[in-house]
Amino acid sequence: MTNNGMPQDLPIPARSLKSTNAHSRRRLRAEKCFRALGVSAMVTALLFLLLLVMSIVSNGLPAFKRTIMSVDFVLSQEQFEEAEAALLKTGVYSDFFTQSLVETIQALDIPIEVDQGTINRLLGKVGSILREHYRSNTDQLGQAVTFEIPMASRVDRYYKGTLSREGISSNNRFIRASDLDLADTLREAGLIRQTFNWQFLTGVDSSVDNPGGAGIGASVLGSFFMMLVVLVLSLPIGVAASIYLEEFAAKNWLTDFIEVNISNLAAVPSIVFGILGLAVFIQFMHLPQSAPLVGGLVLTLMTLPTIIISTRASLKAVPPSIRDAALAVGASKMQAVFHHVLPLAMPGILTGTIIGLAQALGETAPLLLIGMVGFVARYPDTILAGFEGPNSAIPAQIFNWASRSDAIFAEKAWGGIIILLLFLMSMNIVAVLLRRRFERRW
(Lines give C-alpha, C1' and ligand atoms only; values in the text may rest on other atoms or scores of the structure.)
Protein backbone atom coordinates (compact mmCIF):
# COMPACT_ATOMS: atom_id res chain seq x y z
CA MET A 1 0.00 0.00 0.00
CA THR A 2 1.17 3.55 -0.65
CA ASN A 3 1.14 6.27 1.96
CA ASN A 4 -2.14 7.65 0.61
CA GLY A 5 -3.88 4.27 0.93
CA MET A 6 -3.84 3.41 -2.80
CA PRO A 7 -2.81 -0.13 -3.79
CA GLN A 8 0.72 -0.45 -4.94
CA ASP A 9 1.40 -2.20 -8.24
CA LEU A 10 2.98 -5.60 -7.59
CA PRO A 11 5.85 -6.69 -9.79
CA ILE A 12 4.84 -9.06 -12.59
CA PRO A 13 6.77 -12.31 -12.34
CA ALA A 14 9.04 -12.91 -15.28
CA ARG A 15 8.43 -16.67 -15.26
CA SER A 16 6.08 -18.01 -17.98
CA LEU A 17 3.06 -20.21 -17.24
CA LYS A 18 4.76 -22.94 -19.29
CA SER A 19 7.82 -22.99 -17.08
CA THR A 20 8.08 -25.75 -14.47
CA ASN A 21 9.42 -25.96 -10.99
CA ALA A 22 10.33 -28.91 -8.79
CA HIS A 23 6.73 -29.40 -7.58
CA SER A 24 5.16 -29.41 -11.06
CA ARG A 25 7.87 -31.76 -12.33
CA ARG A 26 7.01 -34.23 -9.56
CA ARG A 27 3.35 -34.03 -10.49
CA LEU A 28 4.12 -34.66 -14.16
CA ARG A 29 6.30 -37.64 -13.28
CA ALA A 30 3.55 -39.07 -11.10
CA GLU A 31 1.03 -38.64 -13.90
CA LYS A 32 3.32 -40.36 -16.42
CA CYS A 33 3.94 -43.22 -13.99
CA PHE A 34 0.20 -43.65 -13.44
CA ARG A 35 -0.45 -43.71 -17.19
CA ALA A 36 2.33 -46.24 -17.68
CA LEU A 37 0.88 -48.43 -14.94
CA GLY A 38 -2.55 -48.24 -16.53
CA VAL A 39 -1.23 -49.16 -19.98
CA SER A 40 0.85 -52.01 -18.58
CA ALA A 41 -2.15 -53.34 -16.64
CA MET A 42 -4.30 -53.26 -19.78
CA VAL A 43 -1.62 -54.96 -21.87
CA THR A 44 -1.11 -57.62 -19.19
CA ALA A 45 -4.86 -58.29 -19.03
CA LEU A 46 -5.05 -58.59 -22.81
CA LEU A 47 -2.09 -60.97 -22.87
CA PHE A 48 -3.68 -63.21 -20.23
CA LEU A 49 -6.99 -63.11 -22.12
CA LEU A 50 -5.22 -64.00 -25.36
CA LEU A 51 -3.38 -66.84 -23.62
CA LEU A 52 -6.67 -68.15 -22.23
CA VAL A 53 -8.41 -68.02 -25.61
CA MET A 54 -5.48 -69.70 -27.37
CA SER A 55 -5.38 -72.44 -24.73
CA ILE A 56 -9.12 -73.10 -25.04
CA VAL A 57 -9.06 -73.11 -28.84
CA SER A 58 -5.95 -75.27 -29.18
CA ASN A 59 -7.24 -77.85 -26.71
CA GLY A 60 -10.86 -77.78 -27.83
CA LEU A 61 -10.68 -77.73 -31.64
CA PRO A 62 -9.61 -81.42 -31.88
CA ALA A 63 -12.99 -82.35 -30.38
CA PHE A 64 -14.65 -81.11 -33.58
CA LYS A 65 -12.73 -83.64 -35.70
CA ARG A 66 -12.90 -87.41 -35.66
CA THR A 67 -11.14 -90.25 -37.45
CA ILE A 68 -13.39 -92.77 -39.18
CA MET A 69 -13.01 -95.91 -41.28
CA SER A 70 -15.29 -96.03 -44.32
CA VAL A 71 -15.90 -99.64 -45.36
CA ASP A 72 -18.58 -101.67 -47.15
CA PHE A 73 -20.26 -104.46 -45.22
CA VAL A 74 -22.86 -107.08 -46.11
CA LEU A 75 -24.95 -108.76 -43.41
CA SER A 76 -27.09 -111.70 -44.49
CA GLN A 77 -30.49 -112.61 -43.12
CA GLU A 78 -29.06 -115.69 -41.41
CA GLN A 79 -26.33 -113.64 -39.68
CA PHE A 80 -28.92 -111.12 -38.53
CA GLU A 81 -31.11 -113.83 -37.00
CA GLU A 82 -28.09 -115.46 -35.37
CA ALA A 83 -26.97 -112.18 -33.83
CA GLU A 84 -30.44 -111.33 -32.52
CA ALA A 85 -30.78 -114.77 -30.98
CA ALA A 86 -27.45 -114.56 -29.14
CA LEU A 87 -27.05 -113.41 -25.56
CA LEU A 88 -24.37 -110.79 -26.36
CA LYS A 89 -25.94 -109.42 -29.53
CA THR A 90 -23.54 -106.52 -30.16
CA GLY A 91 -20.57 -108.88 -29.76
CA VAL A 92 -21.87 -111.15 -32.54
CA TYR A 93 -22.41 -108.16 -34.85
CA SER A 94 -18.87 -107.01 -34.08
CA ASP A 95 -17.44 -110.46 -34.88
CA PHE A 96 -19.19 -110.55 -38.25
CA PHE A 97 -17.91 -107.08 -39.14
CA THR A 98 -14.37 -107.85 -37.96
CA GLN A 99 -14.22 -111.02 -40.03
CA SER A 100 -15.39 -109.16 -43.13
CA LEU A 101 -12.90 -106.33 -42.54
CA VAL A 102 -9.99 -108.77 -42.14
CA GLU A 103 -10.86 -110.31 -45.49
CA THR A 104 -11.06 -106.85 -47.07
CA ILE A 105 -7.63 -105.85 -45.73
CA GLN A 106 -6.05 -109.13 -46.78
CA ALA A 107 -7.37 -108.57 -50.30
CA LEU A 108 -5.33 -105.34 -50.44
CA ASP A 109 -2.07 -107.36 -50.12
CA ILE A 110 -0.87 -105.33 -47.13
CA PRO A 111 2.37 -106.81 -45.75
CA ILE A 112 1.15 -106.53 -42.15
CA GLU A 113 -0.33 -109.33 -40.12
CA VAL A 114 -3.98 -108.64 -39.42
CA ASP A 115 -6.13 -110.54 -36.93
CA GLN A 116 -9.30 -109.94 -34.96
CA GLY A 117 -7.39 -108.48 -32.01
CA THR A 118 -5.78 -105.86 -34.24
CA ILE A 119 -9.15 -104.78 -35.61
CA ASN A 120 -10.64 -104.59 -32.13
CA ARG A 121 -7.82 -102.29 -31.01
CA LEU A 122 -8.22 -100.05 -34.06
CA LEU A 123 -11.98 -99.60 -34.04
CA GLY A 124 -14.35 -98.22 -31.48
CA LYS A 125 -17.80 -99.58 -30.72
CA VAL A 126 -18.92 -101.44 -33.84
CA GLY A 127 -21.58 -103.85 -32.65
CA SER A 128 -23.99 -101.26 -31.31
CA ILE A 129 -23.75 -99.22 -34.53
CA LEU A 130 -24.49 -102.23 -36.71
CA ARG A 131 -27.33 -103.53 -34.57
CA GLU A 132 -29.07 -100.16 -34.42
CA HIS A 133 -28.78 -99.75 -38.19
CA TYR A 134 -30.03 -103.17 -39.23
CA ARG A 135 -32.87 -103.26 -36.74
CA SER A 136 -34.14 -100.00 -38.26
CA ASN A 137 -33.37 -100.98 -41.89
CA THR A 138 -34.11 -104.69 -42.28
CA ASP A 139 -34.63 -104.15 -46.02
CA GLN A 140 -30.84 -103.62 -46.40
CA LEU A 141 -29.99 -107.17 -45.27
CA GLY A 142 -27.99 -108.94 -47.95
CA GLN A 143 -26.95 -105.63 -49.55
CA ALA A 144 -23.64 -103.79 -49.43
CA VAL A 145 -23.90 -100.88 -46.97
CA THR A 146 -21.15 -98.29 -46.46
CA PHE A 147 -20.50 -97.72 -42.76
CA GLU A 148 -18.43 -94.92 -41.26
CA ILE A 149 -17.02 -96.51 -38.11
CA PRO A 150 -15.23 -94.24 -35.62
CA MET A 151 -11.71 -95.32 -34.79
CA ALA A 152 -10.61 -96.14 -31.25
CA SER A 153 -9.76 -93.19 -29.03
CA ARG A 154 -6.00 -93.78 -29.13
CA VAL A 155 -5.94 -94.04 -32.91
CA ASP A 156 -7.97 -90.83 -33.06
CA ARG A 157 -5.49 -89.10 -30.76
CA TYR A 158 -2.61 -90.38 -32.90
CA TYR A 159 -3.98 -88.64 -36.00
CA LYS A 160 -4.76 -85.47 -34.03
CA GLY A 161 -1.15 -85.30 -32.86
CA THR A 162 -1.83 -85.76 -29.13
CA LEU A 163 -0.39 -89.30 -29.01
CA SER A 164 3.01 -90.29 -30.38
CA ARG A 165 4.49 -93.68 -31.11
CA GLU A 166 7.13 -93.08 -28.47
CA GLY A 167 4.40 -92.78 -25.86
CA ILE A 168 3.13 -96.31 -26.54
CA SER A 169 4.60 -98.98 -24.31
CA SER A 170 5.33 -102.48 -25.61
CA ASN A 171 2.85 -104.09 -23.19
CA ASN A 172 0.01 -101.69 -23.89
CA ARG A 173 -3.16 -103.72 -24.33
CA PHE A 174 -5.12 -100.89 -25.94
CA ILE A 175 -2.81 -100.01 -28.85
CA ARG A 176 0.48 -101.17 -30.34
CA ALA A 177 2.96 -99.61 -32.73
CA SER A 178 2.16 -102.26 -35.36
CA ASP A 179 -1.49 -101.25 -35.15
CA LEU A 180 -0.53 -97.70 -36.08
CA ASP A 181 1.48 -99.04 -39.04
CA LEU A 182 -1.65 -100.79 -40.27
CA ALA A 183 -3.71 -97.64 -39.68
CA ASP A 184 -1.26 -95.55 -41.73
CA THR A 185 -1.43 -98.06 -44.56
CA LEU A 186 -5.22 -98.07 -44.51
CA ARG A 187 -5.23 -94.29 -44.52
CA GLU A 188 -3.07 -94.28 -47.64
CA ALA A 189 -5.52 -96.74 -49.18
CA GLY A 190 -8.40 -94.34 -48.48
CA LEU A 191 -10.20 -96.41 -45.87
CA ILE A 192 -9.35 -94.11 -42.95
CA ARG A 193 -9.91 -90.36 -43.03
CA GLN A 194 -10.70 -87.42 -40.78
CA THR A 195 -14.05 -85.61 -40.93
CA PHE A 196 -15.95 -82.97 -38.99
CA ASN A 197 -17.36 -84.50 -35.83
CA TRP A 198 -21.09 -83.85 -36.11
CA GLN A 199 -21.55 -86.56 -33.50
CA PHE A 200 -20.01 -84.24 -30.92
CA LEU A 201 -22.61 -81.54 -31.62
CA THR A 202 -25.69 -83.73 -32.02
CA GLY A 203 -24.87 -86.84 -29.98
CA VAL A 204 -25.44 -87.79 -26.37
CA ASP A 205 -23.09 -88.75 -23.58
CA SER A 206 -21.43 -92.16 -23.77
CA SER A 207 -20.03 -94.59 -21.26
CA VAL A 208 -16.40 -94.51 -20.14
CA ASP A 209 -15.43 -97.25 -22.61
CA ASN A 210 -16.63 -95.26 -25.65
CA PRO A 211 -15.14 -91.76 -25.39
CA GLY A 212 -15.17 -91.20 -29.14
CA GLY A 213 -18.96 -91.46 -29.28
CA ALA A 214 -19.68 -88.85 -26.62
CA GLY A 215 -21.64 -85.80 -27.71
CA ILE A 216 -23.00 -82.65 -26.12
CA GLY A 217 -26.31 -82.38 -27.99
CA ALA A 218 -28.51 -83.70 -25.17
CA SER A 219 -26.82 -81.33 -22.70
CA VAL A 220 -27.45 -78.37 -24.99
CA LEU A 221 -31.12 -79.34 -25.09
CA GLY A 222 -31.16 -79.68 -21.30
CA SER A 223 -29.71 -76.18 -20.95
CA PHE A 224 -32.34 -74.90 -23.38
CA PHE A 225 -35.24 -76.28 -21.33
CA MET A 226 -33.61 -74.99 -18.17
CA MET A 227 -33.20 -71.48 -19.56
CA LEU A 228 -36.83 -71.47 -20.67
CA VAL A 229 -37.87 -72.07 -17.05
CA VAL A 230 -35.53 -69.31 -15.84
CA LEU A 231 -36.78 -66.82 -18.44
CA VAL A 232 -40.49 -67.51 -17.88
CA LEU A 233 -40.19 -67.19 -14.10
CA SER A 234 -37.42 -64.69 -13.44
CA LEU A 235 -38.35 -61.97 -15.96
CA PRO A 236 -41.97 -61.25 -14.87
CA ILE A 237 -41.29 -61.80 -11.16
CA GLY A 238 -38.11 -59.70 -11.17
CA VAL A 239 -39.60 -56.84 -13.20
CA ALA A 240 -42.81 -56.78 -11.15
CA ALA A 241 -40.87 -56.71 -7.86
CA SER A 242 -38.62 -53.95 -9.17
CA ILE A 243 -41.53 -51.79 -10.32
CA TYR A 244 -43.28 -52.11 -6.98
CA LEU A 245 -40.17 -51.36 -4.92
CA GLU A 246 -39.10 -48.43 -7.06
CA GLU A 247 -42.40 -46.79 -8.02
CA PHE A 248 -45.15 -47.79 -5.58
CA ALA A 249 -43.71 -49.03 -2.27
CA ALA A 250 -43.51 -46.62 0.66
CA LYS A 251 -40.00 -45.73 1.78
CA ASN A 252 -39.78 -47.17 5.28
CA TRP A 253 -37.72 -49.65 7.29
CA LEU A 254 -39.44 -52.63 5.69
CA THR A 255 -38.56 -51.69 2.11
CA ASP A 256 -35.04 -50.77 3.24
CA PHE A 257 -34.74 -54.22 4.82
CA ILE A 258 -35.93 -55.87 1.59
CA GLU A 259 -33.53 -53.84 -0.57
CA VAL A 260 -30.54 -54.70 1.62
CA ASN A 261 -31.35 -58.39 1.53
CA ILE A 262 -31.81 -58.37 -2.26
CA SER A 263 -28.33 -56.89 -2.57
CA ASN A 264 -26.99 -59.52 -0.18
CA LEU A 265 -28.64 -62.34 -2.13
CA ALA A 266 -26.82 -61.21 -5.28
CA ALA A 267 -23.51 -61.93 -3.50
CA VAL A 268 -24.48 -65.33 -2.07
CA PRO A 269 -22.37 -68.20 -3.53
CA SER A 270 -24.24 -70.26 -6.07
CA ILE A 271 -23.68 -73.50 -4.19
CA VAL A 272 -25.93 -72.16 -1.42
CA PHE A 273 -28.79 -71.93 -3.92
CA GLY A 274 -28.03 -75.52 -4.90
CA ILE A 275 -28.39 -76.66 -1.29
CA LEU A 276 -31.64 -74.69 -1.03
CA GLY A 277 -32.98 -76.32 -4.20
CA LEU A 278 -32.02 -79.78 -2.98
CA ALA A 279 -33.79 -79.24 0.35
CA VAL A 280 -36.92 -77.47 -0.91
CA PHE A 281 -37.63 -78.69 -4.44
CA ILE A 282 -36.41 -82.29 -4.20
CA GLN A 283 -36.59 -83.39 -0.57
CA PHE A 284 -39.64 -81.33 0.49
CA MET A 285 -41.66 -80.88 -2.73
CA HIS A 286 -40.52 -84.24 -4.21
CA LEU A 287 -39.90 -82.86 -7.69
CA PRO A 288 -37.98 -85.17 -10.06
CA GLN A 289 -34.24 -85.20 -9.48
CA SER A 290 -31.85 -84.30 -12.32
CA ALA A 291 -34.67 -82.56 -14.19
CA PRO A 292 -34.25 -79.24 -16.07
CA LEU A 293 -37.41 -78.06 -14.29
CA VAL A 294 -35.66 -78.23 -10.90
CA GLY A 295 -32.47 -76.77 -12.35
CA GLY A 296 -34.49 -73.88 -13.80
CA LEU A 297 -36.17 -73.22 -10.45
CA VAL A 298 -32.83 -73.14 -8.65
CA LEU A 299 -31.26 -70.84 -11.23
CA THR A 300 -34.35 -68.62 -11.10
CA LEU A 301 -33.73 -68.00 -7.41
CA MET A 302 -30.12 -67.19 -8.19
CA THR A 303 -30.96 -64.88 -11.12
CA LEU A 304 -33.76 -62.88 -9.50
CA PRO A 305 -31.50 -60.54 -7.45
CA THR A 306 -29.49 -59.66 -10.56
CA ILE A 307 -32.62 -58.86 -12.58
CA ILE A 308 -34.19 -56.86 -9.74
CA ILE A 309 -31.06 -54.76 -9.21
CA SER A 310 -30.57 -54.04 -12.93
CA THR A 311 -34.27 -53.27 -13.44
CA ARG A 312 -34.35 -50.83 -10.53
CA ALA A 313 -31.25 -49.11 -11.90
CA SER A 314 -32.96 -48.77 -15.29
CA LEU A 315 -36.10 -47.32 -13.71
CA LYS A 316 -34.04 -44.82 -11.72
CA ALA A 317 -32.29 -43.72 -14.91
CA VAL A 318 -35.58 -42.44 -16.38
CA PRO A 319 -35.77 -38.69 -15.64
CA PRO A 320 -38.37 -37.68 -13.02
CA SER A 321 -39.73 -35.14 -15.50
CA ILE A 322 -41.24 -38.01 -17.52
CA ARG A 323 -43.31 -39.06 -14.51
CA ASP A 324 -44.24 -35.48 -13.66
CA ALA A 325 -45.31 -34.71 -17.22
CA ALA A 326 -47.51 -37.83 -17.41
CA LEU A 327 -49.14 -37.03 -14.08
CA ALA A 328 -49.62 -33.40 -15.10
CA VAL A 329 -51.74 -34.31 -18.14
CA GLY A 330 -54.03 -36.50 -16.03
CA ALA A 331 -52.44 -39.96 -16.17
CA SER A 332 -52.71 -42.17 -13.13
CA LYS A 333 -49.66 -43.44 -11.30
CA MET A 334 -49.97 -46.84 -12.99
CA GLN A 335 -50.44 -45.30 -16.43
CA ALA A 336 -47.38 -43.11 -15.95
CA VAL A 337 -45.27 -46.12 -14.99
CA PHE A 338 -46.47 -48.63 -17.58
CA HIS A 339 -47.04 -46.26 -20.52
CA HIS A 340 -44.04 -43.97 -20.13
CA VAL A 341 -41.43 -45.07 -17.59
CA LEU A 342 -41.33 -48.80 -18.34
CA PRO A 343 -40.88 -48.48 -22.14
CA LEU A 344 -37.99 -46.08 -21.62
CA ALA A 345 -36.38 -48.43 -19.09
CA MET A 346 -36.90 -51.53 -21.23
CA PRO A 347 -33.38 -51.53 -22.85
CA GLY A 348 -31.72 -51.72 -19.45
CA ILE A 349 -34.22 -54.32 -18.26
CA LEU A 350 -33.58 -56.57 -21.27
CA THR A 351 -29.84 -56.12 -20.92
CA GLY A 352 -29.88 -57.06 -17.23
CA THR A 353 -32.12 -60.06 -17.94
CA ILE A 354 -29.86 -61.42 -20.67
CA ILE A 355 -26.76 -60.94 -18.52
CA GLY A 356 -28.52 -62.74 -15.67
CA LEU A 357 -29.45 -65.62 -18.00
CA ALA A 358 -25.89 -65.81 -19.26
CA GLN A 359 -24.64 -66.03 -15.69
CA ALA A 360 -27.15 -68.79 -14.95
CA LEU A 361 -26.18 -70.70 -18.10
CA GLY A 362 -22.59 -71.02 -16.91
CA GLU A 363 -23.36 -72.16 -13.36
CA THR A 364 -22.27 -75.66 -12.36
CA ALA A 365 -22.33 -75.97 -8.56
CA PRO A 366 -26.15 -75.77 -8.12
CA LEU A 367 -26.66 -78.38 -10.85
CA LEU A 368 -24.24 -80.79 -9.20
CA LEU A 369 -26.22 -80.73 -5.97
CA ILE A 370 -29.53 -81.50 -7.67
CA GLY A 371 -28.04 -84.38 -9.66
CA MET A 372 -27.80 -82.92 -13.19
CA VAL A 373 -24.34 -84.37 -13.65
CA GLY A 374 -25.47 -87.95 -14.23
CA PHE A 375 -24.93 -90.04 -17.33
CA VAL A 376 -27.65 -89.24 -19.92
CA ALA A 377 -27.61 -91.30 -23.11
CA ARG A 378 -30.79 -90.26 -24.92
CA TYR A 379 -32.89 -87.30 -26.00
CA PRO A 380 -36.25 -86.67 -24.31
CA ASP A 381 -39.20 -88.18 -26.16
CA THR A 382 -41.65 -85.31 -25.55
CA ILE A 383 -41.55 -81.67 -24.53
CA LEU A 384 -42.91 -82.57 -21.09
CA ALA A 385 -40.16 -85.17 -20.70
CA GLY A 386 -37.69 -82.45 -21.63
CA PHE A 387 -38.70 -80.54 -18.50
CA GLU A 388 -39.31 -83.46 -16.13
CA GLY A 389 -37.00 -86.19 -17.43
CA PRO A 390 -33.40 -86.64 -16.32
CA ASN A 391 -30.95 -84.58 -18.30
CA SER A 392 -27.73 -82.67 -17.96
CA ALA A 393 -26.57 -79.16 -18.85
CA ILE A 394 -23.55 -77.84 -20.73
CA PRO A 395 -21.43 -76.84 -17.68
CA ALA A 396 -22.38 -80.02 -15.80
CA GLN A 397 -21.48 -82.14 -18.83
CA ILE A 398 -18.12 -80.38 -19.08
CA PHE A 399 -17.48 -81.16 -15.41
CA ASN A 400 -18.47 -84.78 -16.00
CA TRP A 401 -16.07 -85.21 -18.91
CA ALA A 402 -13.22 -83.42 -17.14
CA SER A 403 -13.50 -85.82 -14.19
CA ARG A 404 -12.98 -88.91 -16.40
CA SER A 405 -9.55 -90.39 -16.99
CA ASP A 406 -9.49 -90.87 -20.77
CA ALA A 407 -7.76 -88.05 -22.65
CA ILE A 408 -10.53 -87.99 -25.27
CA PHE A 409 -13.04 -86.97 -22.60
CA ALA A 410 -10.72 -84.13 -21.55
CA GLU A 411 -10.55 -83.08 -25.19
CA LYS A 412 -14.34 -83.06 -25.41
CA ALA A 413 -14.51 -81.03 -22.19
CA TRP A 414 -12.40 -78.34 -23.89
CA GLY A 415 -14.72 -78.51 -26.91
CA GLY A 416 -17.71 -78.09 -24.61
CA ILE A 417 -16.08 -74.98 -23.16
CA ILE A 418 -15.87 -73.52 -26.67
CA ILE A 419 -19.59 -74.16 -27.22
CA LEU A 420 -20.46 -72.65 -23.83
CA LEU A 421 -18.36 -69.56 -24.54
CA LEU A 422 -20.05 -69.14 -27.92
CA PHE A 423 -23.45 -69.20 -26.22
CA LEU A 424 -22.32 -66.68 -23.60
CA MET A 425 -20.75 -64.38 -26.19
CA SER A 426 -23.92 -64.53 -28.30
CA MET A 427 -26.10 -63.59 -25.33
CA ASN A 428 -23.84 -60.67 -24.40
CA ILE A 429 -23.77 -59.46 -28.01
CA VAL A 430 -27.57 -59.57 -28.08
CA ALA A 431 -27.64 -57.55 -24.85
CA VAL A 432 -25.36 -54.87 -26.35
CA LEU A 433 -27.40 -54.70 -29.56
CA LEU A 434 -30.68 -54.35 -27.65
CA ARG A 435 -29.27 -51.56 -25.55
CA ARG A 436 -28.02 -49.67 -28.60
CA ARG A 437 -31.26 -50.27 -30.48
CA PHE A 438 -33.61 -48.95 -27.80
CA GLU A 439 -31.35 -46.57 -25.93
CA ARG A 440 -32.62 -43.00 -25.51
CA ARG A 441 -30.23 -40.11 -24.84
CA TRP A 442 -31.44 -37.26 -22.68
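Of everything in segment 188-203 that's open to solvent by 60 Å² or more (accessible area, probe 1.4 Å) and touching a helix residue (DSSP H, G or I) at 6+ places or on another chain (Cβ under 8 Å), which residue is nearest to Ile105 (Cα to Cα)?
Only one residue tops the list, namely Arg193.
Find all pairs meeting these conditions: Cβ atoms under 8 angstrom apart; at least six residues apart or on different chains; first residue within segment 104-132 and without any contact (Cβ under 8 Å) to a residue 24 or more places away in the chain; second residue in a helix (DSSP H, G or I) and open to solvent by 80 Å² or more (accessible area, probe 1.4 Å).
Gln116/Gln99
I need the full set of residues from segment 406-442 which are touching a residue at least 12 places away in the same chain (Cβ under 8 Å), open to solvent by 40 Å² or more (accessible area, probe 1.4 Å) and not in a helix (DSSP H, G or I), in order please.
Glu439, Arg440, Trp442
Of (1) of a type in the set (Ser, Thr, Tyr); (2) buried (at least 16 other Cβ atoms within 10 Å of the Cβ); (3) in the same structural domain as Val373 (by TED's automatic domain parsing), Ser206 satisfies all except one. Which?
Here Ser206 clears every test but (3).
Go through segment 214-253 and give me each residue that's open to solvent by 30 Å² or more (accessible area, probe 1.4 Å) and not in a helix (DSSP H, G or I).
Ala250, Lys251, Asn252
The values are calculated or read from the model by the stated rules, or taken from the named source; none is laboratory data. For clarity, every value in this text was computed on a predicted model and none was experimentally measured. Here Cβ is always computed from backbone atoms with ideal geometry, including for glycine, and neighbour counts include all displayed protein chains. Surface areas here come from the heavy atoms of the whole protein model, side chains and all, with no ligands, DNA or RNA. Shrake-Rupley method; radii C 1.70, N 1.55, O 1.52, S 1.80 Å.
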